[in-house]
Amino acid sequence: MMTDNVFLILQDNEDARPIVEAIEQDNQNAKVEYIPGLIRIESPGSLTVHRDSVSELIGRDWDIQELHLNLVSLSGNIDEDDDYIKLAWATK
Amino acid sequence: MSLDISTKAIKPVRLTYDQVARRIGENKAGSRYQEATYDIQPTTNFHYRPLWDPRYEVFDTSRTAIVMQDWYAFHDPRQYYYGTYTMARAKQQEVAEKNFSFVEKRGLLDTAPHIVKQKVRDFLTPLRHVEWGANMNNCFITDTGYGTAITQVTMFNSIDRLGIAQYLTRLCLLVDENETTGIDKAKEDWLSRDIWQELRHVVEDIFVIEDWFETMVAQNIVMDGLIYPLIYDRLAGEMMHEGGSAIVMLTEFMNEWQQETVRWTNALVKVTAQESDANKDLLSQWVAHWSDRITEALKPISAEAFSGDGELFVQEVKQDLLERLSKQGLKV
């Protein structure tokens with residue numbers, strides 16, 4: 001059976017760039033697609049944004065909640081903690 | 001009638017400046033920090049040598065014995081350029097202002113015991129002069145240093161030091177209910193009280209170092225690495241237990257500032273030491289020299305300031321500093 005994809009769509013701007021870079025670092029299978037004004041990141045099975053990776057890239061402490069400032073859409077069940085946000089399809 | 005709405009993507013011809021693209025690669029947007037840092041300082045076509053020192057060009061790598069292949073290898077982990085720096089400090093200043101007005105409004109210092117107030121006058125207020133020295137030294141590094149990656153940070157650093165001196169002044173004014181007696185006395189102490197003379201000697205010796213990288217090591221790495229944990233962490237902590245919790249509130253900026261600045265100096269040491277063994281030896285030698293001198297200078301102050309064994313605290317902060325630096329690759 002094919003693994004279902006999860007995706008995350010962010011606005012294409014200065015703030016989103018390091019988030020995308022962090023996702024690319026931490027999720028080997030993530031595919032990034034630039035559509036006008038937006039960045040769509042698709043990944044088979046799951047996709048995780050780590051707070052530490054983004055903090056490292058922007059040089060200051062980054063709050064997971066800041067993701068919402070540039071978040072357009074997402075799919076998948078959300079597992080959110082202080083240190084990461086993970087999208088995945090729950091296994092039945 | 002049917003409307004056909006379609007989007008058309010217009011790709012920018014360039015994603016960043018050429019000098020940034022040369023470092024990070026084409027087809028990649030540079031961050032603001034990269035764009036405000038990489039290769040901003042001029043490197044060629046200096047028509048005249050400075051009249052005040054014709055041995056060198058205006059910007060000259062040979063002003064320091066440290067040799068770097070690339071002077072933009074230094075990455076500030078905080079990624080401070082003018083914009084991020086001012087925003088970060090504005091936020092911190094708001095917090096500090098709130099703390100000051102809270103302490104004033106609630107009269108928190110009125111209830112502080114006499115001994116704590118006297119410690120502010122005796123041991124915190126004279127540090128204004130150390131901060132001024134640090135301001136001078138960082139201006140010197142900004143002036144003679146090479147590469148925006150370093151000089152922009154030292155400029156910010158020198159402004160920070162004036163801010164810290166102002167906080168110390170305000171703290172003393174608060175303790176003395178707006179009389180300047182404490183401040184005048186502290187200057188008197190700085191100039192003539194025994195326990196301060198060795199430290200003043202060190203500060204003045206650092207003024208006349210010619211190699212800006214050595215100034216950096218002596219001031220920003222060794223001196224700050226010893227004084228800040230000793231005074232704003234350990235001494236302020238002791239004052240808190242003696243009933244001066246307001247003091248901890250009013251010096252919190254210094255604590256925070258040090259923790260943040262250490263991230264930068266650690267990165268700086270690491271990159272420089274990795275470059276070559278010659279750099280590593282030179283840095284280690286400077287650290288050994290200045291850490292010995294400054295710990296000696298701090299001992300008499302510490303012995304007076306702490307109720308316990310003050311000299312032991314100096315040894316402790318020295319140990320911490322050397323351990324931290326050896327983790328960055330120095331042989332100390």
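Counted as qualifying within chain A are the strands (runs of 3 or more DSSP E) with 1 or more residues that are among the hydrophobic types (A, V, I, L, M, F, W, C) and within 13 Å of another protein chain (Cβ to nearest Cβ), namely A:31-35, A:38-44. There is no residue in the stretch B:299-307 that is of a type outside the set (S, T, Y), more than 17 Å from B:F123 (Cα to Cα) and touching an Asp or Glu at 6+ places or on another chain (Cβ under 8 Å).
Restricting attention to the stretch B:28-52 and to residues that are among the charged types (D, E, K, R) and at pLDDT 90 or above, the residue that is nearest to B:A149 (Cα to Cα) turns out to be B:D39.
Looking at B:L3, B:L108, B:L51, B:L15, can you tell me which residue is in a loop (DSSP other than H, G, I, E, B) and in contact (Cβ under 8 Å) with a residue 24 or more places away in the chain? Matching residue, one of B:L3, B:L108, B:L51, B:L15: B:L108. Of the residues making up the stretch B:152-192, those that are free of Cβ contacts under 8 Å to residues at least 40 places away in the same chain and assigned to a helix (DSSP H, G or I) number 13. For the stretch B:18-34, a tally of residues being in contact (Cβ under 8 Å) with a residue 12 or more places away in the chain, more than 9 Å from chain A (Cβ to nearest Cβ), under 20 Å from A:I58 (Cβ atoms) and within 30 Å of the chain's Cα centre (by Cα) returns 4. If only one of B:K119, B:K91, B:K98 is crowded, with 21+ Cβ neighbours inside 10 Å and either assigned to a helix (DSSP H, G or I) or of a type in the set (D, E, K, R) (or both), which one is it? Exactly one of B:K119, B:K91, B:K98 is crowded, with 21+ Cβ neighbours inside 10 Å and either assigned to a helix (DSSP H, G or I) or of a type in the set (D, E, K, R) (or both), namely B:K119. On the basis of being at pLDDT 95 or above, out of contact with any strand residue (DSSP E or B) (no Cβ under 7 Å at 6 or more places or on another chain) and surrounded by fewer than 17 Cβ atoms within 10 Å (Cβ to Cβ), does B:Q258 make the cut? When the stated conditions are applied, B:Q258 does not pass them. Residues that are of a type outside the set (K, R), touching a helix residue (DSSP H, G or I) at 6+ places or on another chain (Cβ under 8 Å), under 29 Å from B:A21 (Cα atoms) and within 14 Å of chain A (Cβ to nearest Cβ) within the stretch B:42-98 comprise B:F74, B:H75, B:D76, B:P77, B:Q79, B:Y80, B:Y81, B:G83, B:T84, B:Y85, listed in sequence order.
Among the residues of the stretch B:170-204, the ones that are out of contact with any Ser or Thr (no Cβ under 9 Å at 6 or more places or on another chain), of a type in the set (A, V, I, L, M, F, W, C) and surrounded by fewer than 19 Cβ atoms within 10 Å (Cβ to Cβ) come to 1 in all. Is the stretch B:142-153 home to any residue that is at pLDDT 95 or above, within 22 Å of B:N255 (Cβ to Cβ) and not β-branched (V, I, T)? So far as the stretch B:142-153 goes, no, none of its residues is at pLDDT 95 or above, within 22 Å of B:N255 (Cβ to Cβ) and not β-branched (V, I, T).
Here's the yes/no breakdown for (1) of a type in the set (A, V, I, L, M); (2) crowded, with 17+ Cβ neighbours inside 10 Å:
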residue	(1), (2)
A:I9	yes, yes
A:N29	no, no
A:S46	no, yes
A:T91	no, no
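Of everything listed in (1) over 26 Å from B:F213 (Cα atoms); (2) of a type in the set (V, I, T); (3) part of a loop (DSSP other than H, G, I, E, B), the single unmet condition for B:V58 is (1).
The values are calculated or read from the model by the stated rules, or taken from the named source; none is laboratory data. Model, not experiment: these values are computed from the prediction. For neighbour counting, all protein chains shown are included, and Cβ atoms are generated from backbone atoms with ideal geometry for every residue, glycine included.
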